[in-house]
Amino acid sequence: MNEHVQSELKKIFNGRFSTSESTRANYARGEDTYDPVLSQAVVFPETNEEVSQILKLCNEHKIPVVPFGTGTSLEGNAVGNSNGITISLEKMNKVLSVNAEDFDCRVQANVTRKQLNEYLREDGVFFPIDPGADAALGRNGVNLSFRDNGCKIRNYENGNFRFNCSFSKWRDH
C-alpha cells in the first residue's frame with residue numbers, strides 16, 4: 001500500500017485504521033485451517049458510505065481488499081492479502097429499520113441472527129435462518145430481503161444459490 005493511500009485512510013478513519021502487527025494478525029484468517037496472511041492494514045468502517053470510500057480509494061490504486069465479518073468462515077474467505085487491506089465489518093452491527101407488518105428489515109453487514117432476533121422479539125416476529133456459529137447475516141455477499149411472508153437469500157459468492165423460507169411469528173404457548 002502506498003503512502004498516499006495510507007495517509008488518506010488515516011485521515012478519514014483516524015483511530016479506526018491500524019497497521020499494527022497485532023491488529024493485522026487478529027484479522028488474518030477465520031476459523032479455517034489455512035495459514036494466516038497479514039494484510040497491510042485493517043480498517044473499521046461504520047457505514048456503507050465509509051465502505052464505499054475505502055473501495056473507491058483501493059480501486060483507484062489497485063489495492064486488493066478482504067472483507068472480515070465475524071471470522072467464522074471455514075472456507076478461507078477471511079484470509080488476508082499481503083498486498084491489500086482488510087475491512088473489518090465488526091462496527092457495522094446495527095439494525096437499521098424493521099417493518100414487522102411487511103416482514104421487512106434492513107440490517108448492516110455484521111448483524112447476527114441472535115442479535116436480529118433479540119431486536120425483533122418485541123415485534124412478535126423472528127428470523128428463522130441460522131447461518132451457523134452465530135455468523136453475521138450479511139457475510140460473504142449474502143443479501144436478505146423479506147417479501148410476501150417469506151425471504152430470499154442470494155449468495156453471490158457461490159453463484160445464484162437461492163433459499164426460500166418463511167419469516168415466522170412468535171407464538172405464545
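As a calculated quantity, the FRET efficiency between Ser20 and Ile129 at R0 = 45 Å, using C-beta atoms, amounts to about 0.80. The phi torsions of region 13-24, fed into the Karplus equation with coefficients 6.51, -1.76 and 1.60 and a -60° offset, translate into couplings of 9, 6, x, 9, 9, 9, 10, 5, 4, 5, 5, 4 Hz, rounded to whole numbers, with Gly and Pro shown as x. Computed from backbone phi, the HN-Hα couplings of region 32-46 come to 7, 9, 6, 5, x, 10, 7, 6, 5, 7, 10, 10, 10, x, 10 Hz, rounded to whole numbers (Karplus: 6.51 cos²θ - 1.76 cosθ + 1.60, θ = phi - 60°; Gly and Pro given as x).
Values in this text are rule-based calculations from the coordinates and carry no lab data. Everything quoted here is computed from the prediction, not taken from an experiment. Glycine gets a Cβ as well: all are built from the backbone with ideal geometry, and neighbour counts include every protein chain shown.
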